[in-house]
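Visitor: To start, I am sharing the structure in question, which I have written as structure tokens.
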Amino acid sequence: MSVRTATASIAAAALLGGCVLLPAAQAQAEGHRPGPVVFAHRGASAYAPENTLAAVDAADDLGITWVENDVQLTRDGVLVVVHDTDLRRTTDAEQVYPDRAPWAVKDFTAAEIARLDAGSWFGERFTGARVPTLARYLHRVERNHQKLLLEIKSPQTYPGIERETLRVLRAQGWLDREHVKHRLVVQSFGAESVKSVHAQRPDVVTGFLGTPAPADLPSYAAFTDQINPSYASIDADYVAAVQKLKGAHGKPLRVNTWTVNDAAKAAEVAGFGVDGIITDSPDVVRDATR
Ligand code: G3P
Ligand code: CA
């Protein structure tokens, strides 16, 4: 049974029982903690080329609301969605621009990147998929009524990327109250980058990627709402140490761990009490944690 079907069944059962409870509320009423939030890492990247619109749609097809992506700046200052700081692994940049080694994202204009094929490396049926601009990506996430965990990638390479990210988010309607409260988190491995986002837009929910020592957590809690660590770096005690602190918005710090792609590991980290799991295979993780 799909999650959408299961959700409909639960809602119908609650209605027939004479009360109207949303699934999460019903689970809580029955004493079950709802499972962790599932984030589609780089989109549903086990099923479609990472960080493309196809990967956003693949997550949507699975009924996954939250997608994660990676944002970098082109030579002419356009935000694009791509993970590696060079274009070789996920595009045909080497073939299209043979004399442009080392094919760094920062050395190409947006128009040059727009010519690249970001799909055929993953599978023939994705030939012609593009590296999306952030603006285009936001449009697709919006169209699908999804939510975004946006990673500012390699911020030290791109001075000012935080300001430009916030500018594009605002221009695309992603900094209104509804998006800021419910549909957007901005995260980075760079603490200074997260601090910068928090300073410029204190209302935006932020996440720090990494595993700060417990003694250092209070200083992170001043500017972030989430501590998002590698699954290999945590245990139940660490998760509890994070969650007992209040984050930048006065709510308990959340923990979203990455990148968990198999059912057994997903069940294990869910047992640690994490709030979310970031995964290439969101269907596998969802099924293992519900
Ligand atoms: O969102 C967590 C995860 O994406 C961090 O690692 O290298 O996949 O961006 P990476
Ligand atoms: Ca990422």
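Visitor: Filter region 123-159 down to residues that are more than 14 Å from residue 55 (Cβ to Cβ) and part of a loop (DSSP other than H, G, I, E, B) and give me whichever is nearest to ligand 2 (Cβ to nearest atom).
Guide: The residue in question is 153.
Visitor: Restricting region 54-70 to residues that are part of a strand (DSSP E or B) and of a type outside the set (Asp, Glu), which is nearest to ligand 2 (Cβ to nearest atom)?
Guide: 69
Visitor: Between a residue in region 42-69 that is in the same structural domain as residue 257 (by TED's automatic domain parsing) and any residue that is among the polar types (S, T, N, Q) and open to solvent by 10 Å² or more (accessible area, probe 1.4 Å), which pairs come within a Cβ distance under 6 Å, given they are 6 or more apart or on different chains?
Guide: As it stands, the answer is 46/281; 55/45; 60/144, since those pairs meet every condition given.
Visitor: Still on this structure: Quick one: which residue in 81, 56 is over 20 Å from residue 155 (Cβ atoms) and crowded, with 24+ Cβ neighbours inside 10 Å?
Guide: Working: 81 fails: over 20 Å from residue 155 (Cβ atoms).
56 is the lone residue from the list that is over 20 Å from residue 155 (Cβ atoms) and crowded, with 24+ Cβ neighbours inside 10 Å.
Visitor: What residue, among those in region 225-238 that are within 16 Å of ligand 2 (Cβ to nearest atom) and crowded, with 18+ Cβ neighbours inside 10 Å, is nearest to the chain's Cα centre (by Cα)?
Guide: Among residues in region 225-238 that are within 16 Å of ligand 2 (Cβ to nearest atom) and crowded, with 18+ Cβ neighbours inside 10 Å, the one nearest to the chain's Cα centre (by Cα) is 228.
Visitor: On to the next question. Checking the conditions here, which among 105, 96, 131 is of a type in the set (Val, Ile, Thr) and open to solvent by 30 Å² or more (accessible area, probe 1.4 Å)?
Guide: 96
Visitor: Sort out which residues of region 251-284 are in a loop (DSSP other than H, G, I, E, B) and either open to solvent by 40 Å² or more (accessible area, probe 1.4 Å) or of a type in the set (Asp, Glu) (or both), and write them in order of number.
Guide: 251, 261, 262, 275, 280
Visitor: A follow-up question, please. Say we look at region 160-173 and pick out the residues that are of a type outside the set (A, V, I, L, M) and crowded, with 22+ Cβ neighbours inside 10 Å; which of these is farthest from ligand 2 (Cβ to nearest atom)?
Guide: Step by step, filter region 160-173, then rank; the result is 162.
Visitor: Mind listing just one residue for me: the one in region 253-280 that is acidic (Asp, Glu) and either touching a Lys or Arg at 6+ places or on another chain (Cβ under 6 Å) or within 24 Å of residue 48 (Cβ to Cβ) (or both) and, of those, farthest from ligand 1 (Cβ to nearest atom)?
Guide: Here is the first cut: in region 253-280, the residues acidic (Asp, Glu) are 262, 268, 275, 280.
When the remaining residues are screened for being either touching a Lys or Arg at 6+ places or on another chain (Cβ under 6 Å) or within 24 Å of residue 48 (Cβ to Cβ) (or both), the result is 262, 275, 280.
On the way: 262: 16, 275: 13, 280: 9 Å.
Here the answer is 262.
Visitor: Please determine whether any residue of region 188-199 is among the basic types (Lys, Arg), part of a helix (DSSP H, G or I) and either farther than 20 Å from residue 37 by Cβ or open to solvent by less than 10 Å² (accessible area, probe 1.4 Å) (or both).
Guide: yes
Visitor: Okay, moving on. What about residue 118, is it in contact with a Lys or Arg (Cβ under 6 Å, 6 or more places away or on another chain) and either part of a loop (DSSP other than H, G, I, E, B) or assigned by TED's automatic domain parsing to the domain that holds residue 203 (or both)?
Guide: In short, yes.
Visitor: Among (1) open to solvent by less than 40 Å² (accessible area, probe 1.4 Å); (2) of a type in the set (D, E, K, R); (3) more than 26 Å from residue 55 (Cα to Cα), where does residue 216 come up short?
Guide: For residue 216, the failing item is (1).
The values are calculated or read from the model by the stated rules, or taken from the named source; none is laboratory data. Remember, predicted model here, so these are calculated numbers, not experimental data. Every residue, glycine among them, receives a Cβ derived from its backbone with ideal geometry; neighbour counts consider all protein chains shown. Side chains included, ligands, DNA and RNA excluded: accessible areas come from the protein's heavy atoms. Shrake-Rupley method; radii C 1.70, N 1.55, O 1.52, S 1.80 Å.
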